[in-house]
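Only one structure is covered here, and it is reproduced in the block below.
FYI, it's all coordinate maths here, none of it is from the lab. Note that the structure is predicted; figures quoted are calculated from it, not measured. Virtual Cβ from ideal backbone geometry, glycine too; neighbours counted across all protein chains shown.
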Amino acid sequence: MEALRHLLGAMLFCGVFLLGKLMVSRRKKLADKLTPEFVDPEEVSKVFLYSGRTIETVSAIAGFLEAVAFLVLAF
């Protein structure tokens, strides 16, 4: 049962990793749609770039740790 919980956690972190990749790849569109006319969309684009990369990094590390925990408990 504990191994299943870690497997589900690894799958969740994979989804979060893909969300971060989506933020990085579509940062220009997101910045253009979310900024008012008097704000530079390039500034907001950088926020999406850095936060998306941070989400990717953290979720990749956490997902790896969950996968290792699953393997240790399963075998």
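So between residue 2 and residue 42, what do we pick up on full extension, going 0.36 nm a residue minus the alpha carbon distance?
9.9 nm
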Note to self: I need the peptides 36-48, 63-75, 12-24 ranked by packing, meaning the mean over residues of other C-beta atoms within 10 angstrom, with the highest value on top.
What the structure shows: 12-24, 63-75, 36-48
Next item on the list: Treating the angle as unsigned and between 0 and 90°, give the value, to the nearest 10°, between the Cα long axis of helix 41-74 and the longest Cα principal axis of the chain.
Entry: 0 degrees
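Taking N as the number of residues in the chain, what is its Cα Rg relative to 2.2 N^0.38 Å? Provide the component values of the computation, followed by the final result.
Working: Rg = 16.6 Å, N = 75, 2.2 N^0.38 = 11.3 Å.
In units of the 2.2 N^0.38 Å rule of thumb, it is 1.46.
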Next item on the list: Work through the residues other than residue 45 whose Cβ is under 15 Å from its Cβ and net out their charges, Lys, Arg +1 and Asp, Glu -1.
Entry: +3
Notebook entry, point to check: Roughly how tilted is helix 2-25, in degrees to the nearest 10 and between 0 and 90, from the longest Cα axis of the chain?
Noted result: 20 degrees
Note to self: Can you show me the helix-derived [θ] at 222 nm for the chain, built from DSSP H runs with n ≥ 4 at -39,500 (n - 2.57) apiece and divided by the number of residues, rounded to the nearest 500.
What the structure shows: -30500 deg cm²/dmol
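For residue 34, what is the net charge nearby, where nearby means another residue's Cβ is under 14 Å from its Cβ and Lys, Arg count +1, Asp, Glu -1? Can you show the working numbers first?
Values: positive: 26, 27, 28, 29, 33, 46; negative: 32, 37, 40, 42, 43.
Neighbour charge sum, excluding residue 34 itself: +1.
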Note to self: Tell me the relative contact order for the chain as a rounded percent, counting alpha carbon contacts under 8 Å between residues six or more apart.
What the structure shows: 52 percent
